[in-house]
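To keep things clear, I will list the structure first and then write my remarks on it.
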Amino acid sequence: MPSAARRFALNHPHAMDAVLMTCVLACVVSASFFGTWDAREPIAWWPGLILGIVATAALLWRRTHPRPVVVVTGVCAIAAVGLGYLTTMLLLAPVMVALFWLALLDERRTAHLFGLSAVALMVPTAILQAPRYASFILVTLNPALALLLPVAWGSALRLRRAFTDSLRARAEHAEHTREEEALRRVAEERVRIARELHDVVAHHLTLANAQATTAAHLIRNDPEQAAQLLTGLSSTTATALRELKATVGLLRRPDDSDSPLQPTPKLEQLPAVVAALATTGLDVTVTTEGEPRPLSPAVDLTAFRIIQEALTNVSKHAGTPTAQVTLTYTDDVLKIDISNKQGHPVTSASTAVNSGFGLISMRERALSAGGQFTAGPSPDGGYTVIAELPLHF
């Protein structure tokens, strides 16, 4: 059916019903007046016409009650054949339409059962009422095919509709899934950028604050050392601005010419962090055990940020002049141990660390890289952070 005709049929169901009723009624009228075996011995036309009208009227409920409609049209057709009317497609038109709609709307097994039942009742009735000279094939094969054809056609159309609906549902599900995946990735990217911003701001501002405080304390008694601290403060703020620009640049469009090309921080930049912290009075010792192995970019960044955040927490809260960083390389795992073994009592250190988002950020970074993370007070009064990261992720 052309698309225009299909749209018309969907938008004007009552008009299509009127056309269908007119065509079916024309068929049963023709079967009533001309559907006799022998023109020399005609039978009354009005019984067939009444049965045909009843069967045609029953088709009005074919969409809502397809099974009863098949029963009514089938009974009318069998009654007409029993009265002696010729078994033609004109006479069987109402029951054919009813069987088609049953196959289209109901289950395939039900449609086949009704179709075979109609054939099993119609064919013997036609054989008993047919004259001796009637063709056996015409009496049996003609009604059987006439009743089974609409069942097969309706079933095929129903399967096609079901297939089309399934394709549409799969397309909608795929579109919905793509939207959910896009939203999930956007959320993950926001969390990642938030972690980067937190680490950059927390570390560099803490370092700058410590340098500025120390310089203010020494500016009168030791101007030379205060000048060195202020020089380091300038370097710290410049580094912070570069990293902030690089992180915020992730939010820019790829075609933006102002997007920064700052490389991602790595463990090889750890000496610069240690040197910057040394200007604030924190002596950090870095020890490497095992043979250093190349790390994937994600693990390299995660290890650097965890160490940076942990040392920032030591500088802010521990109140100790020393910290120990131990990097242990095994075949497939990098173990990071950051501790301050001579800090304040356990309660103050742990409370300070847990009061912000530093510990949460470190744990999220370790887990996102496929590793493990633990943190807690040490028996000697300090605080220990341990992260185990796979070498490749």
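None of the figures in this text is laboratory data; all of them are computed from the coordinates on show. Since the model is a prediction, treat every value here as computed from it, not as a measurement. We place every Cβ from the backbone using ideal geometry, glycine too, and count neighbours over all the protein chains shown.
The Cα-based radius of gyration and maximum Cα-Cα distance (Dmax) for the range 3-174 are 17.7, 69 Å. Mean projected area of the Cα convex hull of the range 40-87, taken over all directions, amounts to 3.3 nm². For the range 61-163, trypsin sites (Lys or Arg not before Pro) meeting the loop criterion (DSSP other than H, G, I, E, B) and having at most 10 other Cβ atoms within 10 Å: R132. Counting beta carbons within 10 Å around each of Y133, Y85 and listing the fewest first gives the order Y133, Y85. Per residue, the average separation of C-alpha pairs within less than 8 Å and at least 6 apart gives the range 3-174 a relative contact order of 21 percent. Panel order for F33, F136, F304, by other beta carbons found within 10 Å of each beta carbon, from fewest to most: F136, F33, F304.
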